[in-house]
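First up is the structure itself, then whatever we jot down about it.
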Amino acid sequence: MTTDAAKSRRLHFIIVGGSLGGLATGLALKAIGHDTTILERNRTPVLEQQGAGIVAGGDTLAFFKRYNRCDRPIAVTSHRRQYLDKAGKVVHKEDMDQNMTSWDLAYFIMRANYDQVKSEHCEPPAPVPSHGKAVHWHDHNVTDIKQEGENVRVYYKTGTGQEGSITGDMVIGADGPSSTVRALVEPEVKRTYAGYCALRGTIPENDVSPATREAFSERFTFFHGPGVQILAYLIPGESGTVEPGKRLINFVYYTNFPEGSPELEEIMTDKHGKRRPITMPPGMIDMQAWEKQRQIAAERLPPQFAEIVRGTQKPFVQAVTDVISPRNEYMDGKLVLIGDALAGFRPHTVASTSQAAFDAMVFADHIEGKVSKEQWKKETMGFARFIQKRGVEMGIHSQHQDLPVEEHIQDRNIASTPREQEVYPEWATAI
Ligand SMILES: Cc1cc2nc3c(=O)[nH]c(=O)nc-3n(C[C@H](O)[C@H](O)[C@H](O)COP(=O)(O)OP(=O)(O)OC[C@H]3O[C@@H](n4cnc5c(N)ncnc54)[C@H](O)[C@@H]3O)c2cc1C
């Protein structure tokens, strides 16, 4: 598709995946007058209550500024980054404002803006006549994609076994780190386990002791130990409220579970005995396995962190993985990968949602003719390759090397570089 053609006619984009990356792309394309259909495999009309906190980086905030028309706060601001020692004493602090949101809030704001979904999180804004048509189909699991002359045909299957297909001008693979779309065009690319998991959860800010509340109140707080890293920050509470007293403390606790070890099998086997490959969703963890982790937390974490880990009611687990596609464009430019489908970052980079937001914005700018194809590709591939590599290095430092805290502080400060100020090496932007 040339951008001249895109400028002169209304296109239909089929987006595979209706999480933040797919919604971001749908919103950005809709705003410039193109039609979009999102196919999401999830069986229910909305995805909810599976996520927790998200650090809203520069591109995420820029995205909301550009496309969000819901009148409500989108984040809780943390004013300081600080590091604790094992005894719970602050050993390093620096003033820095960072915005923390929740996955649910980001999702419902995007749905309100994309296809007018009403929720307790926000009231949908009035439709804009110049916008393209925005369609969302849940329970549509995409299985195949074929080029048909100037069009693409996307095949899907529903939960009841019904099969069908839909055609469009272009298809966007926004189907996450285990992307089916990517597997169709890059079957050799594999998602690999990094040797550690993130144990995650939240706890209401008022349900903890005053010392613990103090440690996390509008502060982004960390602890590093051998093979262990934990961080926590405040996020919006129920229905996205940012009212003090009603927010949640969100933690991410990285701990090593070697591949093939009994510990990994134990933590990833759910309460019904089913081995979960990558994510153990909230409410599904085996409570005996969790009890073991609660005890370990008491032994090796500072008291404030031990209290929130031990106090969370619905822990969930995410195996940390690596994946990156060598390219983002296929089928003569008719198939594009974005977000986690293009590159799944380690969470230490705090860049996954920003990548999805950036990929969506720069792609829409390219379709609109504001950004050349070369520039679009260099910027998205540069970001994907450079940050993916950085994440792997941060993970190795944190989980497999016993480094002084200064090294982790430095890693984290580098990871906070605004994207516009990053200087990508040549290997990252080669297209
Ligand atoms: C339910 C959920 C909760 C999350 N919670 C958090 C969180 O709390 N904190 C955080 O930092 N990140 C979270 N993430 C990850 C975060 O959304 C992403 O890292 C980032 O925003 C980029 O998202 P993405 O849309 O590219 O990929 P993903 O968020 O992985 O979304 C991919 C989507 O594609 C769908 N899909 C996959 N295969 C198919 C197929 N064949 N056909 C149709 N649909 C398909 C999936 O169901 C999913 O909804 C969560 C992701 C999900 C899906």
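The values are calculated or read from the model by the stated rules, or taken from the named source; none is laboratory data. If you're wondering where the values come from, they're calculated on a predicted model, not measured in any experiment. Reconstructed Cβ throughout: ideal geometry from the backbone, glycine too, with neighbour counts over all protein chains shown.
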ask   = Would you say residue 214 is charged (D, E, K, R), within 19 Å of residue 49 (Cβ to Cβ) and surrounded by fewer than 24 Cβ atoms within 10 Å (Cβ to Cβ)?
value = no
request  = Can you work out which of the residues in segment 221-272 that are polar (S, T, N, Q) and in contact (Cβ under 8 Å) with a residue 24 or more places away in the chain is nearest to residue 397 (Cα to Cα)?
outcome  = 229
query = Among the candidates 298, 289, 360, 356, which residue alone is surrounded by fewer than 16 Cβ atoms within 10 Å (Cβ to Cβ), of a type in the set (Gly, Ala, Ser) and not in a loop (DSSP other than H, G, I, E, B)?
reply = 298
message = Quick check on my filter: what residues within segment 223-258 are hydroxyl-bearing (Ser, Thr, Tyr) and assigned to a loop (DSSP other than H, G, I, E, B)?
response = 241
message = Cβ-Cβ under 8 Å, sequence separation 6+ or interchain: first residue in segment 93-105 and under 18 Å from residue 239 (Cβ atoms), partner away from the ligand (no atom under 13 Å from the Cβ) and part of a helix (DSSP H, G or I). Which pairs?
response = 102/240; 104/240; 105/240
Residue within segment 345-364 that is farther than 22 Å from residue 75 by Cα, in contact with a His (Cβ under 8 Å, 6 or more places away or on another chain) and either within 16 Å of the ligand (Cβ to nearest atom) or not basic (Lys, Arg) (or both) present = no
request  = State whether one or more residues within segment 2-17 are buried (at least 24 other Cβ atoms within 10 Å of the Cβ), at pLDDT 95 or above and within 6 Å of the ligand (Cβ to nearest atom).
outcome  = yes
query = Which of the residues that make up segment 18-48 are more than 8 Å from the ligand (Cβ to nearest atom) and of a type in the set (A, V, I, L, M)?
reply = 27, 28, 29, 31, 32, 38, 46
ask   = What is the one condition in (1) assigned to a loop (DSSP other than H, G, I, E, B); (2) surrounded by fewer than 16 Cβ atoms within 10 Å (Cβ to Cβ) that residue 144 does not satisfy?
value = (1)
ask   = Of the residues that make up segment 88-97, is at least one within 16 Å of the ligand (Cβ to nearest atom) and either buried (at least 21 other Cβ atoms within 10 Å of the Cβ) or assigned by the TED database to the domain that holds residue 202 (or both)?
value = no
message = Consider segment 128-141. How many of its residues are assigned to a loop (DSSP other than H, G, I, E, B) and farther than 21 Å from residue 368 by Cα?
response = 3
query = Does residue 182 satisfy the condition of being in contact (Cβ under 8 Å) with a residue 24 or more places away in the chain and within 14 Å of the ligand (Cβ to nearest atom)?
reply = yes
query = What number of residues in segment 44-72 are β-branched (Val, Ile, Thr) and over 17 Å from the mean Cα position of the chain (by Cα)?
reply = 1
note = In segment 49-81, anything assigned to a loop (DSSP other than H, G, I, E, B) and either more than 14 Å from the ligand (Cβ to nearest atom) or of a type in the set (Asp, Glu) (or both) is listed as 68, 69, 70, 71, 72, 73, 74
remark   = Residues of segment 20-48 being surrounded by 23 or more Cβ atoms within 10 Å (Cβ to Cβ) and part of a strand (DSSP E or B), in sequence order, are 36, 38, 39
request  = Quickly run through segment 380-392 and pick out the residues that are surrounded by fewer than 20 Cβ atoms within 10 Å (Cβ to Cβ) and either touching a residue at least 60 places away in the same chain (Cβ under 8 Å) or in contact with a Lys or Arg (Cβ under 9 Å, 6 or more places away or on another chain) (or both).
outcome  = 392
task = Of all residues in segment 311-344, count the ones that are surrounded by 20 or more Cβ atoms within 10 Å (Cβ to Cβ), among the small types (Gly, Ala, Ser) and either away from the ligand (no atom under 12 Å from the Cβ) or part of a loop (DSSP other than H, G, I, E, B) (or both).
result = 2
task = State whether the residues of segment 205-222 include one that is under 29 Å from residue 405 (Cβ atoms), part of a loop (DSSP other than H, G, I, E, B) and at pLDDT below 95.
result = yes
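Yes or no, residue by residue, for (1) more than 23 Å from the chain's Cα centre (by Cα); (2) crowded, with 20+ Cβ neighbours inside 10 Å:
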position: 221; (1), (2): no, yes
position: 229; (1), (2): no, yes
position: 239; (1), (2): no, no
position: 272; (1), (2): yes, no
position: 278; (1), (2): no, no
inquiry  = For segment 180-210: of the residues being more than 21 Å from the chain's Cα centre (by Cα) and within 23 Å of residue 242 (Cβ to Cβ), which is surrounded by the most Cβ atoms within 10 Å (Cβ to Cβ)?
reply    = 205
task = Those residues that are touching a Pro at 6+ places or on another chain (Cβ under 9 Å) and not in a loop (DSSP other than H, G, I, E, B), I need them from segment 82-113; list them, please.
result = 84, 100, 101, 102, 104, 105, 111, 112, 113
